[in-house]
Amino acid sequence: MPQRTRLDVRSGDLGPPRNVRVRKKPEPPEGSRWRRIFVWLAKLALIGAFLAAATFAGVLHYFGRDLPSVHALHDYAPPQTTRVLDRHGHLIGEIFDERRTIVPIERIPRVMVLSVLAAEDADFYFHEGFDYRGILRAVLIDAPSGRPTGASTITQQVVKLLLLSPERTLSRKIRELILSRRLEQELSKDEILYLYLNHINFGSGRYGVQEAARYYFGKDVDQLTLAEASYIAGIPQSPSRLDPYRNPEAAKKRQAYVLRQLEEKRETHWPDLSLEEIQAAREKTPDLVGRDTRPEQAPEIMAHARAILRDLVGPEAMKRGGYTVHTSIDLELQRATREAVRDGLHEHDARQSRVGALEIPKTKKGKAPLPPVDQLSFGRTYEAEVIGHLRDPDRILFDAGGHEVTVTLASAARYNPKDLPLEDFAPIGARTRISIVEKGGEGSPARGRLERGPQAAAVVLDVRSREVRALVGAYEGSAGFDRATQAKRQPGSTFKPIVYAEGIRSRKFTPASRILDAPAIYDQWRPQNYEPWFEGPTPMRTAIARSINLVAIRVMEAVGPDAVVRLARDLGIESHLEPTLALSLGASEITPLELAGAYATFAGGGRYEAPRLILAIDGPDGKRLPLPGPPPGRDVLTPAEAYVVTSLLTSVVTQGTAKSAQVLARPIAGKTGTSNDSRDAWFAGYSADTVAVVWVGFDDRRPLGKRETGGRTALPIFVKAMKAAEKNVPPRPFARPDDVEVVAIDPGSGLRAYPGMEGAVDEVFLLGTAPTQEARRRDVADTSTLLMEEFGP
């Protein structure tokens, strides 16, 4: 019977029965034990591999869901810079959300490509999108901190820039790796590099290699040298820290690293790059063009470019940018014309004592309270009082009808030529007029601008092409109200040539016609001349030269206001014109550009062509966009009629109100103009090649001041603008058509002079309109008798 085991109560162990011998199992051989360990480890490895693969597949599945499509990068179209150019291709300004200009990979020089590869990813053309050592470093070192920052390949950077958010987390890094692999399978290496080179940030708001080349070196990317390319290739690592303008030493050290990388990897990566080229780049410090801090050079032109783009392609496409707008502007002339405007306004300010410290009103009864204002309006002017001074920057604090408005001291430089300190220039209690340029927010004051002096506008056209060469709408060189195209003001006597042109065209008058200058009353209107006297019967040529109002009114009365309005319409004036006798004195309002178009018709032989500013627009793909066609040209006057009008207007310069224009030393035709109470001052004139119109006035229609007329206020601006426009243009006479004849006449009677008559003057006439009656031989005493016979007592 087998021996039972027993339970040891004391120990609780179940052991063998006492007095029984237990046989030990034999030890396995040493080799068998290691085989077991190997099998066990193999099984463990297989299980680990399976778990790793399952985990990896799970990670790919989990993080690969809802990822953006890399296929969309085939249609890469980021925001780009729209460039506005003058007629010579010079940059006027840029429109952008991001300053970027896309260039094809073929245009990017090899020195730029190699420099970027050396700086960012030398093995770009050898790997499959990953930097495995960088990934390992990210996982083992950076992952515990939750912010992986392992070295990224160019492919990974493209994914990060174009497909993912900029957050720095482990989950985003995993998505980045997944998308990088997909991107390498979707696009070629050159296509990926194309995306990178056009998208990366090169500092100072410049994106892509083309904008970087323009900003730092003032040239296109395909013109860069190795020294220049290696200098900017290192910037993307830290655009702020490596800014060559702010930290040139750091930028130079980064360039040294790039060149060292080029040298070390030359034999294996780019053997065609010689050591001599690298050494030459190392020894050369590139010349930066200087940070561009100039304000917009032609805000008026930029506003027109934005408007036509918005109408042509829509606001969204305009915002995406990439367009090139070609204009007719001559940028050098644009600058000179603005300078002429500013000089003319400075002269006016000095004459009318509009410079120096703001004045505190001096009255015996004390200052009258400011009129209350319910709400400030943009562009409106208000009487305001200085109530305080603010710093950083220096600002004047005004009270404008119960509203606080600040004006920077810098913006008041026009009226502060001696650079007086803030407290001296604007003492507390001083009053002046200001305008609102930006409404205030909750608890913050509005921003304003001093309006002590008037504004001005100038337009310069080319006679042959009718292209706008310069367009200035304000004293300031900043965006705002463009008075050249938007301000409608009374043209005064500059409208008279249109009245006289209708008189010539109708054949009712000739330049020799004698028209009565005498008082007249029309209903309740009693018009006056600028001078307080009357000339009696006056030749048309003399009347226009001296700008005699009553003569212009009588010509208007003879031809009819409706006929003059029709002619003005044909001359391109689209603003509303009241068909009344007062229109002969410029009582209706028009824009300077409209008047320039009309005078260009006189200069251009009677044919009207609409002024042209935008010549062409190229799309982001380089293809030219179709522009709306200009209105068809039309023959308004015959060349002979236009010449006679031009001849009349030359008398304004040779013997009338614009004699100071003779300094131009070339034939000039033109007309001064001054509206009632000197609220507007004009000069419109032209040579055989160039038309220019100048207007000066206050936006709130205040009088310009005593003795401020077109000849005194606007003409000097015209002269300076014309000097700039024609500095390289030889003088040219106005060409006289064959159907214009020159006849000697008696200035006293307007009749044909008899042979050998002393004092006879040559006059131009349309063929067949010259007087046929010969003046009778008489002495001086006969003149008054003749006048009585012609015009009555």
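Report, by chain and number, residues whose modeled amide H sits under 5 Å from the one on Asp680, excluding near sequence neighbours (fewer than 5 apart, same chain).
It is Ser675, by chain and number.
Can you tell me how much longer the chain between Val39 and Val663 gets when fully stretched, taken as 0.36 nm per residue apart minus their C-alpha distance, in nm with one decimal? Working shown, then result.
On the way: separation 624, 0.36 × 624 = 224.64 nm, distance 10.89 nm.
Length gained, Val39 through Val663: 213.8 nm.
So which lysines pass the test for Lys723, namely a Cα distance under 19 Å, with those fewer than 8 places away in the same chain ruled out?
Lys723 reaches Lys659, Lys671.
On each of the three principal axes of the Cα atoms of the chain, give max minus min coordinate, whole Å, ordered largest first.
179, 70, 52
Using each residue's phi in the stretch 266-274, evaluate 6.51 cos²θ - 1.76 cosθ + 1.60 at θ = phi - 60° and report the 3J(HN,Hα) Karplus result to the nearest Hz, with x for Gly and Pro.
After applying 6.51 cos²θ - 1.76 cosθ + 1.60, I find 4, 5, 8, 10, 9, x, 6, 8, 7 Hz.
Roughly how many nanometres apart are two label points built 7 Å out from the Cα toward the Cβ at Ile47 and Glu267?
5.1 nm
How large is ³J(HN,Hα) for each residue in the stretch 721-735, as worked out from phi by the Karplus curve 6.51 cos²θ - 1.76 cosθ + 1.60 (θ = phi - 60°), to whole Hz, x for Gly and Pro?
So the Karplus estimates, Gly and Pro as x, are 5, 5, 4, 5, 5, 10, 5, 10, 10, x, x, 9, x, 6, 6 Hz.
Report, in whole Å, the centroid distance computed from the Cα atoms of the stretch 683-739 and the stretch 356-428.
Answer, in whole Å: 34.
For the chain, what does the helix formula give at 222 nm: sum of -39500 (n - 2.57) over DSSP H segments with n ≥ 4, over the residue count, nearest 500 deg cm²/dmol?
On the way: 23 runs with 270 residues, N = 793.
Using -39500 (n - 2.57) per qualifying helix, the result is -10500 deg cm²/dmol.
If the cut-off is a Cα-Cα distance under 14 Å, which aspartates and glutamates reach Lys319, setting aside same-chain residues fewer than 8 apart in sequence?
Lys319 reaches Glu94, Asp97, Glu98, Asp311.
What are the ³J(HN,Hα) values, in whole Hz, obtained from phi via the Karplus relation 6.51 cos²θ - 1.76 cosθ + 1.60 with θ = phi - 60°, for each residue of the stretch 470-475 in sequence order, with x given for Gly and Pro?
Along the stretch 470-475, the couplings run 8, 8, 10, x, 5, 5 Hz.
Test of understanding: express the Cα radius of gyration of the stretch 198-291 as a ratio to 2.2 N^0.38 Å, with N the residue count.
Numbers: Rg = 12.8 Å, N = 94, 2.2 N^0.38 = 12.4 Å.
So the stretch 198-291 has a normalised radius of gyration of 1.04.
Glu535: accessible area at probe 1.4 Å, nearest 10 Å²?
80 Å²
Give me the extension gain from Asp123 to Val373: residue separation times 0.36 nm, minus the current Cα-Cα distance, reported in nm with one decimal.
Values: separation 250, 0.36 × 250 = 90.00 nm, distance 6.93 nm.
Net length gain for the segment: 83.1 nm.
With the other protein chains left in place, how much accessible area per residue, in square angstrom, belongs to the chain at a 1.4 angstrom probe? Before the final figure, lay out the partial values.
Working: 39710 Å² over 793 residues.
On a per-residue basis, the chain sits at 50 Å².
Out of residues 5 or more away from Thr538 or on other chains, whose amide H comes under 5 Å of its own, with H placed 1.01 Å from N in the peptide plane?
Ile515, Leu516, Asp517
In whole Å, what are the Cα extents of the stretch 417-497 along the three principal axes, biggest one first?
Result, largest extent first: 54, 31, 24 Å.
Can you grab the distance from the C-alpha centre of the stretch 483-511 to the C-alpha centre of the stretch 90-132, Å, no decimals?
The stretch 483-511 and the stretch 90-132 have Cα centres spaced 59 Å from each other.
Can you give me the distance in nm between label points at Ala256 and Glu283, each placed 7 Å from the Cα along the Cα-to-Cβ direction?
1.8 nm
Run the simple label-point estimate for Gln223 and Lys189 please: 7 Å along Cα→C-beta, distance reported in nm.
3.1 nm
If I take R0 = 41 Å and measure r between the Cβ atoms of Ala410 and Ala520 in this structure, what FRET efficiency does the formula 1/(1 + (r/R0)^6) give, to the nearest 0.05?
Working: r = 53 Å, r/R0 = 1.29.
After rounding to 0.05, the efficiency reads 0.20.
Using a Förster distance of 51 angstrom, determine the FRET efficiency expected from the C-beta separation of Arg736 and Glu316, and round it to 0.05.
On the way: r = 55 Å, r/R0 = 1.07.
Efficiency at R0 = 51 Å is approximately 0.40.
Pairs to check: Lys219/Lys265; Lys252/Lys284; Lys160/Lys219. Give those whose C-alpha atoms are more than 21 Å from each other in this structure.
Values: Lys219/Lys265 29 Å; Lys252/Lys284 11 Å; Lys160/Lys219 29 Å.
Check vs 21 Å cut-off fails for Lys219/Lys265; Lys160/Lys219.
Can you pull out the chymotrypsin sites (Phe, Trp or Tyr not before Pro) in the stretch 287-392 that DSSP calls coil and that have at most 13 other Cβ atoms within 10 Å?
Numbers: sites: Tyr323, Phe378, Tyr382; in loops: Tyr323, Phe378.
Here the chymotrypsin sites (Phe, Trp or Tyr not before Pro) that fit, given the DSSP loop and packing criteria, are Phe378.
For Asp618 and Ser32, what does the FRET efficiency come to when R0 = 56 Å and r is the distance between their Cβ atoms, rounded to the nearest 0.05?
Efficiency, rounded to the nearest 0.05: 0.10.
Grab every C-alpha pair in the stretch 622-673, bin the distances at 5 angstrom width from 0 up to the longest one, and report whole percents.
4, 16, 17, 13, 11, 10, 8, 8, 7, 4, 1
Within the chain, what percent of beta bridges assigned by DSSP are antiparallel, to the nearest 5? Could you put the intermediate results ahead of the total?
Working: 71 of 80 bridges.
About 90 percent, rounded to the nearest 5.
Using a 1.4 angstrom probe with every protein chain in place, what is the largest-first accessible-area order of Ser675, Ser274, Ser411?
Numbers: Ser675 10, Ser274 35, Ser411 60 Å².
The residues order as Ser411, Ser274, Ser675, largest area first.
Under 17 Å Cα-Cα from Lys706, which aspartates and glutamates qualify once same-chain neighbours fewer than 8 residues away are excluded?
Glu347, Asp349, Glu531, Asp677, Asp680
Roughly how many percent of the accessible protein surface of the chain is carbon and sulfur, given a 1.4 Å probe and a whole-percent answer? If you can, show how the numbers build up before the last one.
Values: 20860 of 39710 Å².
About 53 percent, which is the carbon plus sulfur part of the accessible surface.
Contour minus end-to-end for Ala77 and Arg107, with contour as 0.36 nm per residue of separation and end-to-end as the Cα-Cα distance? Kindly include the intermediate steps, with their values, before the conclusion.
Working: separation 30, 0.36 × 30 = 10.80 nm, distance 1.77 nm.
Working it through step by step, the gained length comes to 9.0 nm.
For Gly93, enumerate residues with amide H under 5 Å from its amide H, sequence gap 5+ or separate chain, H modeled in the peptide plane.
Val84
Expressed as an acute angle from 0 to 90° and rounded to the nearest 10, what is the orientation of the C-alpha long axis of helix 592-603 relative to the principal long axis of the chain?
60 degrees
The values are calculated or read from the model by the stated rules, or taken from the named source; none is laboratory data. What you see is a predicted model, and the numbers here were worked out from it, not measured in a lab. Glycine also receives a Cβ, built like all others from the backbone with ideal geometry; neighbour counts cover every protein chain displayed. We work out accessible area using only protein heavy atoms, side chains counted, and drop any ligands, DNA or RNA first. Shrake-Rupley method; radii C 1.70, N 1.55, O 1.52, S 1.80 Å.
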